[in-house]
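Presented below is the structure to which this report refers.
No lab work stands behind these numbers, since they all come straight from the coordinates. Keep in mind the model is a prediction, meaning the values are calculated, not measured. As a convention, Cβ positions derive from the backbone with ideal geometry for all residues, glycine included, and neighbour counts pool all protein chains shown.
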Amino acid sequence: MSTSTNLSTDSPNPVVDPPTRPIRYWRRRARTGLVLTLAGLLVFLIGARPGMFGIDRSPIIGFVQIAVFLVGLAIICIGGYISLTSLWREQPTSIAADIGLRLVATGYVIAVFAGMADIFGFGSHPLPALPFFGEWQARGVEVGQVLIALGFLMMLPYRRDGKRGTKLGTP
């Protein structure tokens, strides 16, 4: 197992390489992530509320709608990950940010299994019957979305020195 430390014998202090690669094009990545997040929101809304776009064909939320809004939620998660990791710029991500990423992934898995519970066979409307999005499934997807939001909050970079920014006109 190799380590990523660069020990120099000429200087008394060893130089330690950062554990992750710095992101050089962080603004472009942030924009790309935001565009992807907005596209995911559009796909999510098409699945969750097709009546907003004039394409509602059923009085219930069925399999196709559930699949579409879960794909939209996945695109939102990927776009949010790209955007928030770009905010770290040259710094390595913190342990809290890494835990936040895993919390986003866990929230998405919970949302998928709650949304597709009838299809997987453990929902309140098993497959011989018409599967539709029920109240318990909605609660499970909401719990998954709360976990995703908490994970995104944990991925935000923070400063320990207390500086929040500078006022206009001051150095």
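Details
- In this label model, Val143 and Ala96 are separated by 2.6 nm, measuring between points 7 Å along each Cα→Cβ vector.
- For Ala117, net neighbour charge (Lys/Arg +1, Asp/Glu -1) across residues whose Cβ lies under 15 Å away: -2
- Considering only alpha-carbon pairs that sit under 8 angstrom and 6 or more positions apart, the relative contact order computed for region 27-171 is 26 percent.
- Sorted by Cβ density within 10 Å, fewest first, the residues Ser83, Ser124: Ser124, Ser83
- Converting phi to 3J(HN,Hα) with the Karplus coefficients 6.51, -1.76 and 1.60 and the offset θ = phi - 60°, region 103-112 yields 5, 4, 5, 5, x, 5, 4, 4, 5, 5 Hz in sequence order, with x at every glycine or proline.
- Ordering Ile76, Ile95, Ile46 from the fewest to the most neighbouring beta carbons within 10 Å gives Ile95, Ile46, Ile76.
- Sequence-distant contacts, meaning Cα pairs under 8 Å at least 6 residues apart, place the relative contact order of region 87-139 at 22 percent.
- Overall form of region 22-155 per C-alpha gyration tensor (a/c, 1.5; a/b vs b/c): oblate
- Computed over region 33-81: relative contact order in percent, which uses C-alpha pairs under 8 Å that are six or more apart: 61 percent
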